[in-house]
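What follows is a single structure, written as structure tokens, with notes after it.
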Amino acid sequence: MKKICIIFISIILLTGCNLRKETNIDKLKKIGYDEKLSTYINNNLKEDSINYLLTHDFVSSIEEIIKNKDFKEEKLSKYIEYLDKYNFNVDDLIFVVNKEYYTDNYSEKVIKLMKEDYFIFDNLDRYLKYTKKENTKDIIRDVNSDIDNKFYTNVKNTDLSKGYLILVNKFNKLDSNYTPSNLVNIDKKYGNPLQIEKTTYEQFIKMYNDAAKKNLYLYIRSPYRSYNTQLSLYNNYVATDGKINADTYSARAGYSEHQTGLAMDLTTPKTLLGKFEGTKECDWLKNNAHKYGFILRYPKGKEYLTGYMYESWHYRYVGIEAATTIYENDLTFEEYYAYYVK
Ligand SMILES: [Zn+2]
């Protein structure tokens, strides 16, 4: 009787064990995750993610991945796919997948480029082809500014839909018949009585008034210029100075920001362009113009990026937000445009 009881109880226990449903923790442990990690996965990941892990072989760095501060659960399968393919370290893996920087071309240099400020994924091939600089920061700045091409090559018609952020430089031009639609006349109190774009003028007047409160007086020397005005200006410079020199300080027709109506050469009423540097007005503008939406368009030290010698007098209206970002991050408009606008 005793024997029969023991057999009977054993049968009940055994079938009971077999009938108990295998839990996710059990299944995870079978793949190779230890008790603690299996419990963690079970308690912290969604059913879909757990099922995904259950269909996949043991992933040795799974703990590091799911506990990484930037881990995004919805990308779990992509992390594992890229880990299998490229054997990334976990930080790089999470970075690349989170940013969706997918390529077949990973290397130490590629990852370094990707982690730089202002990295643009679409420019990756150009960054890699550009051999003039070694430092990844320099490569990105140069290529974003298009200077992996020679000036006046690969020229495009600029995208007019960008409004106040329209880019005009040695790679982006305006049609000969382009005229800004909202030109207004400049009162002689503020400068040469020529024409300028309306908002640019209104912002200039605010800036003028605030400067005047500090006994600083601004004067608009040269605002809007038509295509034909620029054409004769440039041709005159070429005639007297030669084309190579003229190109360092004068835009060819169609390539001048002055044709947008958004640019102006500023001085004081009594100084000419060449004497503006060093005046109080010049210093004040450098640190305040952005508050009104203006940028110093051709800064010192950035000549190779903008294609123009330093011009202390040439200001361009881009709007307050863009001007502030450009000022605070010490960018050229080319760099800003590539990263934030295009
Ligand atoms: Zn100018």
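Derivation of every value follows stated rules applied to the coordinates shown; laboratory data play no part. Note that the structure is a prediction, hence the values are computed from the model and not measured. As a convention, Cβ positions derive from the backbone with ideal geometry for all residues, glycine included, and neighbour counts pool all protein chains shown.
Considering only DSSP beta bridges where both residues belong to the chain, give the percentage that are antiparallel (nearest 5). Let's see the in-between values first.
Values: 13 of 16 bridges.
Among the beta bridges of the chain, antiparallel pairing accounts for roughly 80 percent.
Using only the Cα atoms, what convex hull volume per residue in Å³ does region 190-276 have?
So the per-residue Cα hull volume is 97 Å³.
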Query - Relative contact order (percent, whole number), region 156-341, Cα cutoff 8 Å, 6+ residue spacing - result: 22
Query raised in the report: Among all the lysines, which ones have a C-alpha under 16 Å from residue 243's C-alpha, if same-chain residues fewer than 8 places away are not counted?
Result: 150, 170
Query raised in the report: What does the charge add up to near residue 264, with Lys and Arg as +1, Asp and Glu as -1, over the other residues with Cβ less than 11 Å from its Cβ?
Result: +1
Report summary line: Using the Kirkwood radius over Cα pairs of region 24-83, the Stokes-Einstein translational diffusion coefficient at 10 °C and 1.306 mPa s, in µm²/s and rounded to a whole number, is 139
Requested in this report: Report Rg (one decimal) and Dmax (nearest whole number) for region 253-312, counting Cα atoms only, units Å.
Outcome: 12.0, 33
Query raised in the report: At each listed q (0.10, 0.12, 0.16 Å⁻¹), what is the log10 of I(q)/I(0) that the Debye formula gives for region 156-341 modelled as equal alpha-carbon point scatterers?
Result: -0.36, -0.53, -0.99
Query raised in the report: What translational D, rounded to a whole number of µm²/s, comes out for region 64-167 from Stokes-Einstein when the hydrodynamic radius is the Kirkwood one over Cα pairs, at 25 °C and 0.890 mPa s?
Result: 155
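Considering only region 156-341, what is the antiparallel percent among its DSSP beta bridges, to the nearest 5?
Counting only bridges with both partners in region 156-341, antiparallel ones make up about 80 percent.
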Query - Rounded tilt (10° steps) of 2-19 against the dominant C-alpha axis of the chain - result: 20
Query raised in the report: So what is the relative contact order for region 18-93, in percent, with contacts set as C-alpha pairs under 8 Å and at least six apart?
Result: 24
Query raised in the report: Tilt of helix 198-212 relative to the longest C-alpha principal axis of the chain, in degrees (0 to 90, nearest 10)?
Result: 80
Query raised in the report: In nanometres, what is the gap between the two model label sites at residue 125 and residue 286, each 7 Å from Cα along Cα-to-Cβ?
Result: 4.2
Query raised in the report: How big is region 129-184 on each of its three principal axes, counting only the C-alpha atoms and giving the largest first in Å?
Result: 47, 20, 16
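Among the listed pairs 29/112; 132/302; 27/99; 72/112, give every one whose C-alpha distance is greater than 28 Å.
29/112; 27/99
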Query - the chain, Rg to Rh (Cα coordinates; Rh as Kirkwood inverse mean 1/r) - result: 1.28
